[in-house]
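Chemist: Take this structure, written in structure tokens, and hold onto it; I'll ask about it next.
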Amino acid sequence: MMGAAWAGRLPQGSCSRRSLRSAVAACVPMLVLLALQAPSMVLGEAPVIAGPIVVNEVLVSAANKTTKGTPSSWAVIATTTDWFELLNTGSAEVDLSGWTISAGAADSGSSSSSGAPAVTASDGGGDGWKVPAGVKMLPGALLLVLCPSKTDVIPPVPAGSNLLVAHGIKVNRDGIFLYDSAGNLAASTGGRLPPSKPGVTFGLPQPPSNNSGLPGASPYTYLAAPTPWLQNAGPLPGAGPFFHGRRTNLSSMGPFFHGLKSDPDGPVTPGQPIEVTARLTPNLAAIAGATLLYRINFTPEQQMIMNTNGQADAQGRVSYSATLPAAQLKAGDLVCWRVQATDKSGGSSMHPNGLRPGYPQYEGTVVALPAEAASPIPLLYWYAENPAAAVTQAGSSSTLFWNGTLYDNTHANRRGMTALSWAKPKMEFGVENDGFVIAPGVPPVSNLKLNSYYVELGEISFIKEVIAYQVLRDEGVVAPLSFHTAVYLNGKFYGLFGIIEEVDTNLLEHWGLPTNGPIFKSLSGELSNLRWDLPTSEMPSYYGRPNRKHHTEDWQLLANLTKGLAGGGPGSRTSFLFDNLNMPAVINEAAVQTLLANMDRCTKNFNVYYNPDTAEWIRIPWDVEASMGQDNTLGGSPGALWCILACEQWNSPLYCDSEHPQDISGINTPWGQGLTAVGLNPFQGSATGRRSLAQAPVAGRLNAEGTKPLAFRKSDDWSNPDRVQYGSRSVIGAPGTFNHLTDAIFDVTATRIMYLRRLRTLADKYYGQNRLRQMVDALYAKIQPVAALDNTVWQRGDGSRGYKQITTEFIPIRGKQLLETYAPGGANPLLPAAQVPSSSVVIGWGPSDSSSDKKQAFVSLQLRSPGGSGDSVDISGWKLSRQGGPTFTFPSGTVLVKNVTLHLSENVKGFRSRSSSPKAGEAAFVLLVQPGLLPDGGSGASWTLTDDQGAAVKLE
């Protein structure tokens, strides 16, 4: 990612020592890099190398990180794991016990200063990683510090070796900082390191660089070869930059870049000049000069000599500037530049330089279109030299400009399955380097995905998916961010698209969840519905792995989940749910999905995520474009496959359980019976498949609600929720297209009550209080002008019919179903009555353990008097406070049920491992609370409970 501002500031077997040295020496040829382009030598502040301990060498990006299983030797590990090396340059032994290592920008103060980053360490203590006690370095000694990712496989470290493994430290270009036991900065690389190809190290060359007399010069540079545990190599010989596919013959690496700056630093107006400034310091020789190379759109590159006054700033940096001619710039133009800097020994550097495939070759900006100032939604500028190739599956190179940042040399391609045949493509852009920042506060993504809204269930609206994700997130469901953008291709309007955050490690980071927990993405449409009898050997064919792809042991976690849902786990089916699910999160996600009638969620379009810190599962939604779905056009013509609003199988609050599968299962509908085979799927020697709705002749147009009364199905499972299905073949075919997690939640009385209470809360809010209609009205008004433009390009409608279908059919019908048909007094009263005011609720204390051992300690709450609200109270967003302690907010989906005790613990894994009741195997409902909430002793008198509006709730 290269911005228009200062780019240099942008984020982001055992053996003896002798045999280790021999092994690495033998391995060095494996680490030698192929020819480099001239490097983009971007540095931060001056390094701290006064010694005696110095940062000797850093490998920011290992040559080969694709490993499976345990590496055969430490020499191999040094090629697959990032690391840095310390050197004792003094004449005395140095004790590093208690020293702190961190990665990221820091100032010259102590490790507790605001400039030092907070890095999660394996010992969980303080900022950075603490060096273990007893680590000492003799004079001249080298100490290698491996910094594995959470997915790297690292064997035990040999005793007495000059090796440390620092879990929690992420080596990146933000530098390495070492603080002594008193908190003083003892050594650093000086901040942001230059980009390099995998396998290239940055360090102190041997012999040292002869640049001590150059103002601002750094002793660090690229090294000719990585040398872990050995004396460093000399500087990397330059291979020279590329100019239009030809390599120049320059002998060495040139000056370091401290970033480029443009003025103005965002989109410019037609005719506005652009000044580009490069800040440089010498590397191995004095600076000779700098040249600006620029191009407009895809015209040939032009050159300008950059000017300087020759004066260095306090850090020794010299500025070189040039101004692009304003007369050449018109609205919609892409303006790109890079800078070549040379030194007096013939060395040359280029910034940026595309050192790796897919990395930026240019920085730049765009000349703003008049539409940008008036657009109600953000503009995404997309430039492709070959647009026809860019929208194929193979794709081609493209450049994007978004939110003030240029993303050069991205790879654009068409994505999807059925969408491959659409005229308006779904798109994906591969963004290397620092990734693509879709919105402030969201971790960068490596793949930007655009949804085209070319096909929807029912009429085209452009808003169903965005509204659905907004409701999910607003209600606390872990779900991706999704919003609209107006895409302009090569300066011309291309269409209204949606940006969607991917469900992967970045999403976990966004939501503050542990990133070392596995995610499994349901893919198959039938066999990835969490059925227990899908062998683990076949699971990779039906579940995707958005993270931890090489951790094959994770499949057993998924197998254990599916077995437990079928009653094959430890304890009863009921106790398995409470012991292995984040109950509020699972209840909440299921309720919001039902609220919005997302019909395409039972057998695919979901992820399950295992949180290793709590040993609990949650479900994460994906591809929710079938929310607020209609199987018909405006006015009610039936669709071929579904009967969403008119048939109880799909509109029931129990949709996705075993009595309400996703595919048509021999039901009577207002238009006939489901009989037609659609597709076959071999599983365990049998043919399975979906069945299509057989269309009966219909005179005129039907209302979306149907013309016949609903026929309600009764569950056969509620009387025996702990029945054991494990060991019996799971149901296949259309009747088997339900979700086994949903089925278990609905079968168990306590969790079904929780779910229905939460659904009633949401129905009252979004339908009873008209919240959903307000959201739909606001979003439609916002995107309507851009939707109208989209229709002029793609002729798929301007969204007005879809908006009308949502507001005149879906919302009234769905609201009536949840608040009347399925409510008390309705034809099938599944949902409870509206929740009574919190002033009528009485909550009491249950058993507690005030032990100082937080693995044992807990407090408990019990619903004493729901005040006629149906034996359940939704306490989502309520707050529990202890005098002198923190305040705990109950997560969305937390429901108190009469005769079910809610336990609060600061360590839920420890709670479930208790030897005495309450403990695992007893269907104990437990929530994780923040440290410090539970007292070492005390009573309920020191506590207060308030509802989500701040009103006091009786607690006794």
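The values are calculated or read from the model by the stated rules, or taken from the named source; none is laboratory data. Keep in mind that this is a model prediction, so the values were computed, not measured. Cβ placement follows ideal geometry from the backbone for every residue including glycine, while neighbour counts extend to all protein chains displayed. Each accessible area value is taken on the protein alone, full model and side chains, heavy atoms only, with ligands, DNA and RNA left out. Shrake-Rupley method; radii C 1.70, N 1.55, O 1.52, S 1.80 Å.
Chemist: Read through the list (1) out of contact with any Pro (no Cβ under 8 Å at 6 or more places or on another chain); (2) in a loop (DSSP other than H, G, I, E, B); (3) of a type in the set (S, T, N, Q), then give the number of the only condition that Gln361 fails.
Modeler: Among (1) out of contact with any Pro (no Cβ under 8 Å at 6 or more places or on another chain); (2) in a loop (DSSP other than H, G, I, E, B); (3) of a type in the set (S, T, N, Q), Gln361 violates only (1).
So that you can scan it fast, the table gives a plain yes or no per residue for (1) among the aliphatic types (A, V, I, L, M); (2) modelled with pLDDT of 65 or more:
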position	(1), (2)
Trp99	no, yes
Gly124	no, no
Val131	yes, yes
Gly134	no, yes
Leu146	yes, yes
Val153	yes, yes
Ser161	no, yes
Lys170	no, yes
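Chemist: If you don't mind, another one. Got at least one residue in the range 737-750 being surrounded by fewer than 20 Cβ atoms within 10 Å (Cβ to Cβ), within 24 Å of Ala566 (Cα to Cα) and not hydrophobic (A, V, I, L, M, F, W, C)?
Modeler: Keep residues of the range 737-750 that are surrounded by fewer than 20 Cβ atoms within 10 Å (Cβ to Cβ), which gives 749.
If we keep only those that are within 24 Å of Ala566 (Cα to Cα) as well, we get 749.
Still in the list and also not hydrophobic (A, V, I, L, M, F, W, C): 749.
Within the range 737-750, one or more residues are surrounded by fewer than 20 Cβ atoms within 10 Å (Cβ to Cβ), within 24 Å of Ala566 (Cα to Cα) and not hydrophobic (A, V, I, L, M, F, W, C).
Chemist: Follow-up question, since we're still on this one. Any residue that is buried (at least 21 other Cβ atoms within 10 Å of the Cβ), out of contact with any helix residue (DSSP H, G or I) (no Cβ under 6 Å at 6 or more places or on another chain) and of a type in the set (Gly, Ala, Ser) - is there at least one of those in the range 827-834?
Modeler: There is no residue in the range 827-834 that is buried (at least 21 other Cβ atoms within 10 Å of the Cβ), out of contact with any helix residue (DSSP H, G or I) (no Cβ under 6 Å at 6 or more places or on another chain) and of a type in the set (Gly, Ala, Ser).
Chemist: Of all the residues that make up the range 271-293, how many are closer than 22 Å to Gly203 by Cβ and open to solvent by less than 20 Å² (accessible area, probe 1.4 Å)?
Modeler: Residues flagged as closer than 22 Å to Gly203 by Cβ and open to solvent by less than 20 Å² (accessible area, probe 1.4 Å) within the range 271-293 amount to 5.
Chemist: Out of (1) open to solvent by 30 Å² or more (accessible area, probe 1.4 Å); (2) under 29 Å from Arg760 (Cα atoms); (3) over 31 Å from the mean Cα position of the chain (by Cα), the odd one out for Ala920 is which?
Modeler: (2)
Chemist: Just checking, how many residues over the range 617-662 are open to solvent by 10 Å² or more (accessible area, probe 1.4 Å), more than 20 Å from Pro735 (Cα to Cα), at pLDDT 90 or above and not hydrophobic (A, V, I, L, M, F, W, C)?
Modeler: 3
Chemist: Follow-up question, since we're still on this one. Go through the residues of the range 276-298 one by one and say whether even a single one is modelled with pLDDT of 90 or more and assigned to a loop (DSSP other than H, G, I, E, B).
Modeler: The answer is yes; a qualifying residue exists.
Chemist: Yes or no: the range 449-456 includes at least one residue that is in a loop (DSSP other than H, G, I, E, B), under 26 Å from Thr405 (Cα atoms) and open to solvent by 30 Å² or more (accessible area, probe 1.4 Å).
Modeler: No, there is no match, as no residue in the range 449-456 is in a loop (DSSP other than H, G, I, E, B), under 26 Å from Thr405 (Cα atoms) and open to solvent by 30 Å² or more (accessible area, probe 1.4 Å).
Chemist: The conditions are (1) open to solvent by 10 Å² or more (accessible area, probe 1.4 Å); (2) on the phi > 0 side of the Ramachandran plot, and Leu530 fails exactly one of them. Which is it?
Modeler: That leaves (1) as the condition not met.
Chemist: Given the condition buried (at least 17 other Cβ atoms within 10 Å of the Cβ) and closer than 30 Å to Arg801 by Cβ, answer yes or no: does some residue in the range 433-441 qualify?
Modeler: From the range 433-441, those buried (at least 17 other Cβ atoms within 10 Å of the Cβ) are 433-438; that's our starting set.
Add one more test, that the residue is closer than 30 Å to Arg801 by Cβ, and what stays is 438.
Checked against the condition, which is being buried (at least 17 other Cβ atoms within 10 Å of the Cβ) and closer than 30 Å to Arg801 by Cβ, the range 433-441 yields at least one hit.
Chemist: Given the structure, is Leu324 within 30 Å of Leu789 (Cβ to Cβ), out of contact with any Cys (no Cβ under 6 Å at 6 or more places or on another chain) and open to solvent by less than 30 Å² (accessible area, probe 1.4 Å)?
Modeler: Here the answer is no, as Leu324 does not meet what is asked.
Chemist: For the range 431-457, which residues satisfy the criterion of being polar (S, T, N, Q) and closer than 19 Å to Pro360 by Cβ?
Modeler: First, the residues of the range 431-457 that are polar (S, T, N, Q): 433, 446-447, 451-452.
Answer for the range 431-457, where residues must be polar (S, T, N, Q) and closer than 19 Å to Pro360 by Cβ: Asn433, Ser446, Asn447.
Chemist: Looking at Ala75, Ala25, Ala63, which is the one that is at pLDDT below 90 and outside any helix (DSSP H, G or I)? Explain how you work it out, then say what you get.
Modeler: Numbers: Ala75 fails: outside any helix (DSSP H, G or I); Ala25 fails: outside any helix (DSSP H, G or I).
The match here is Ala63.
Chemist: For the range 368-375, check the following and say yes or no: at least one residue is closer than 21 Å to Asn447 by Cα, small (Gly, Ala, Ser), outside any loop (DSSP other than H, G, I, E, B) and open to solvent by 30 Å² or more (accessible area, probe 1.4 Å).
Modeler: Going through the range 368-375, the residues closer than 21 Å to Asn447 by Cα turn out to be none.
No, the range 368-375 contains no residue that is closer than 21 Å to Asn447 by Cα, small (Gly, Ala, Ser), outside any loop (DSSP other than H, G, I, E, B) and open to solvent by 30 Å² or more (accessible area, probe 1.4 Å).
Chemist: Please determine, by comparing only the residues of the range 863-891 that are more than 21 Å from Thr944 (Cβ to Cβ) and in contact with a strand residue (DSSP E or B) (Cβ under 9 Å, 6 or more places away or on another chain), which one is surrounded by the most Cβ atoms within 10 Å (Cβ to Cβ).
Modeler: To start, the set of residues in the range 863-891 that are more than 21 Å from Thr944 (Cβ to Cβ) comprises 868-872.
Next, from what is left, pick out any that are in contact with a strand residue (DSSP E or B) (Cβ under 9 Å, 6 or more places away or on another chain): 871-872.
Numbers: Asp871: 15, Ser872: 23.
It comes out as Ser872.
Chemist: What strands (runs of 3 or more DSSP E), lying completely within the range 376-416, carry at least 3 residues that are within 30 Å of Leu260 (Cβ to Cβ) and among the small types (Gly, Ala, Ser)?
Modeler: Hits in the range 376-416: 396-402.
Chemist: Another question about this same structure. Please specify each residue of the range 302-318 satisfying the condition of being modelled with pLDDT of 95 or more and either under 25 Å from Ser398 (Cβ atoms) or outside any loop (DSSP other than H, G, I, E, B) (or both).
Modeler: Listed by number, the residues that qualify are Gln302, Gln303, Met304, Ile305, Asn307.
Chemist: Kindly list, by first and then second residue, each pair from a residue in the range 721-737 that is closer than 16 Å to Val748 by Cα to a residue that is assigned to a helix (DSSP H, G or I) and charged (D, E, K, R), limited to pairs with Cβ atoms under 6 Å and residues at least 6 apart or on different chains.
Modeler: That search, which allows pairs on different chains as well, returns Pro721/Asp747; Asp722/Arg573.
Chemist: Here's another thing I want to ask about it. Looking at Ser851, Ser860 in this structure, which one is under 38 Å from the mean Cα position of the chain (by Cα), crowded, with 17+ Cβ neighbours inside 10 Å and not β-branched (Val, Ile, Thr)?
Modeler: Values: Ser851 fails: crowded, with 17+ Cβ neighbours inside 10 Å.
It is Ser860.
Chemist: Need the failing condition index for Asp265 against (1) over 24 Å from Asp174 (Cβ atoms); (2) at pLDDT below 95; (3) open to solvent by 10 Å² or more (accessible area, probe 1.4 Å), just the number.
Modeler: So the condition that Asp265 fails would be (1).
Chemist: Determine which member of the set Val478, Val466 is assigned to a loop (DSSP other than H, G, I, E, B) and among the β-branched types (Val, Ile, Thr). Spell out the reasoning first.
Modeler: Details: Val466 fails: assigned to a loop (DSSP other than H, G, I, E, B).
Of the residues listed, the single one that is assigned to a loop (DSSP other than H, G, I, E, B) and among the β-branched types (Val, Ile, Thr) is Val478.
Chemist: Taking the residues in the range 751-788 that are touching a Leu at 6+ places or on another chain (Cβ under 7 Å) and open to solvent by 20 Å² or more (accessible area, probe 1.4 Å) as candidates, determine which candidate is nearest to His484 (Cα to Cα).
Modeler: Quick first cut of the range 751-788, residues touching a Leu at 6+ places or on another chain (Cβ under 7 Å) only: 751, 756, 759-760, 762-763, 766-768, 783, 786-787.
From the residues that got through so far, the ones that are open to solvent by 20 Å² or more (accessible area, probe 1.4 Å) too are 760, 767-768.
Working: Arg760: 30, Tyr767: 24, Gly768: 28 Å.
Among those that are touching a Leu at 6+ places or on another chain (Cβ under 7 Å) and open to solvent by 20 Å² or more (accessible area, probe 1.4 Å), it is Tyr767.
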